[in-house]
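J.: Please read through the structure below; I'll follow up with questions.
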Amino acid sequence: MLKGRLGLEQARLPHADRHGLLYLERGALSVEDGCLRFVAAGSELVVAGDYRIPHQSLSLLLLGPGSSVSHDALRLLARHGTGLSAIGEDGVRLYTAQPLMPDSSALARAQVRAWADEKGARMAVARRMYAWRLGEVLPHRDIAVLRGIEGARVKEIYRLTAERIGIRWNGRRYDRGDPLAADLPNQALNHAASAVEAAAAIAVAATAAIPQLGFIHEDSGQSFILDIADLFRDALTVPCAFKAALVVQKRPADSIERMTRRMVGERLRRDQVIPAMIDRIKALFAEPAAD
């Protein structure tokens, strides 16, 4: 880097003192006079106008549909450790993310230490996640047993949620090779799960956690993302999916994918779900998980 370029070499703020996330859409992101500038065409969420973006006080900039970004803007964001994610509307897709370089490696190191202690801390973190989801601390210390208990409860949540919303439910059945062959509720669950996983991916990127190191999921390259998404399955993924399926049953011309993504997106925005996911990630590694 050229020392003194733009006169900002001493201006970087620690992420602990920053304001988190900023969502922009339908506009052009560039640099003018050393400042980040966003010219918005206007949308439901971002009023048309010419904005100066306080990039030094943000941790992650979320760039929604209809937007463009200049090379200078990418350089300026990287220089100040501000992340940039290209996302779908309301955060229901994550297309790419510029690496976020945090001030401290503490959270990532805590994640690695916990994950590497397979019989101790890794199991304790998994049990903490199950306790958050199920509302009780289970006494079991075998991950296969915990997964079995979760699976049984998830089946009951599907049944009860379908009954409450008023949709027919015949069980979780779908063919990964032919997802369109599934009934509407199952298709909606697939789309809702993808949308919530995208939100979890944004949260993992914002905290610079390691997506491959999961505590309940293991094989996927997004194991930790799936862990975080599952924390919101009961309250967000399943209800949104079944409500979308009910709407499309009544209006068959509507797209089940679009309807589901819109419902999930509205909840993500209204309930500030991505910030809640970030808080969960921080809480997960803030202190050693108790036995």
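J.: Running Debye on the stretch 91-192 with equal point scatterers at the Cα sites and no solvent, what base-10 log of I(q)/I(0) appears at q = 0.13, 0.22 Å⁻¹?
T.: For the stretch 91-192, the Cα-only Debye profile gives -0.79, -1.10.
J.: Semi-axes of the equivalent ellipsoid for the stretch 189-261, please: Cα gyration tensor eigenvalues, times 5, square-rooted, ordered largest first, whole Å. Spell out each step's value before the answer.
T.: Values: eigenvalues 155, 23, 18 Å².
Ellipsoid semi-axes (Å, largest first): 28, 11, 9.
J.: Now a separate question. Can you sort E118, E25 by how many other beta carbons sit within 10 Å, fewest first? Show your work: numbers first, answer last.
T.: Working: E118 10, E25 21.
Result, fewest neighbours first: E118, E25.
J.: Moving to a separate point now. Taking the Cα centroid of the stretch 245-266 and of the stretch 188-237, what is the distance between the two, rounded to the nearest whole Å?
T.: 22
J.: Please compute the net charge surrounding P211, taking Lys and Arg as +1 and Asp and Glu as -1 over other residues with Cβ under 11 Å from its Cβ. Write down the numbers at each step before the final one.
T.: Working: positive: none; negative: E197, D227.
In short, -2.
J.: Return the percentage of antiparallel bridges among DSSP beta bridges fully within the chain, rounded to the nearest 5 %.
T.: Values: 15 of 25 bridges.
Percentage antiparallel, nearest 5: 60.
J.: Also, quick follow-up: Of all alpha-carbon pairs in the chain, indicate the percentage at a distance above 31 angstrom. Mind dumping the intermediate values first?
T.: Values: 15058 of 42195 pairs.
In whole percent, the long-distance tail amounts to 36.
J.: Which Cα, out of I210, G83, L268, lies furthest along the positive dipole direction of the chain (beta carbon charges, K/R +1, D/E -1)?
T.: The one lying farthest along the dipole's positive direction is L268.
J.: Near R267, within a Cβ-to-Cβ distance under 14 Å, what is the net charge of the other residues, with Lys and Arg +1 and Asp and Glu -1?
T.: Working: positive: R233, K243, R261, R262, R269, R270; negative: E89, D90, D234, E266, D271.
Net local charge, R267 excluded: +1.
J.: Shape call for the stretch 62-141 from the C-alpha gyration tensor, a ≥ b ≥ c root eigenvalues: rounded (a/c under 1.5), prolate (a/b greater than b/c) or oblate? Don't skip to the answer; put the middle values down first.
T.: Working: a/c = 4.48, a/b = 1.95, b/c = 2.30.
The shape class here is oblate.
J.: At q = 0.09, 0.11, 0.13 Å⁻¹, what base-10 log of I(q)/I(0) does the Debye formula yield for the stretch 168-291 when every alpha carbon is treated as an equal point scatterer in vacuo?
T.: -0.28, -0.41, -0.56
J.: If the elastic network links every pair of Cα atoms under 10 Å, which of I216, I167, I225 fluctuates the most in the Gaussian network model of the chain?
T.: Ranking I216, I167, I225 by mean-square fluctuation puts I167 first.
J.: Compare T96, T207, T82 in a GNM of the chain, Cα atoms joined below 10 Å, and give the one with the largest fluctuation.
T.: Comparing T96, T207, T82 in a Gaussian network model of the chain, the most mobile one is T96.
J.: If you don't mind, there's one more thing I want to ask. Can you put R270, R122, R37 in order of Cβ neighbours within 10 angstrom, beginning with the fewest?
T.: Numbers: R270 9, R122 20, R37 17.
In increasing order of surrounding Cβ atoms, one gets R270, R37, R122.
J.: Place a +1 charge on the Cβ of each Lys and Arg in the chain and a -1 charge on the Cβ of each Asp and Glu, then give the dipole magnitude about the Cα centre in debye, rounded to the nearest 20. The partial results should precede the final answer.
T.: Details: 39 positive and 34 negative charges, 54 e Å.
Roughly 260 debye for the chain.
J.: Ranked by Cβ crowding within 10 angstrom, fewest neighbours first, how are R128, R261 ordered?
T.: Values: R128 17, R261 23.
By the 10 Å Cβ count, ascending: R128, R261.
Read-outs throughout are calculated quantities, based only on the coordinates presented, and are distinct from any laboratory measurement. All values derive from a computational prediction rather than experimental measurement. Quick reminder, even Gly has a Cβ in these numbers, built from the backbone with ideal geometry, and neighbours come from all protein chains shown.
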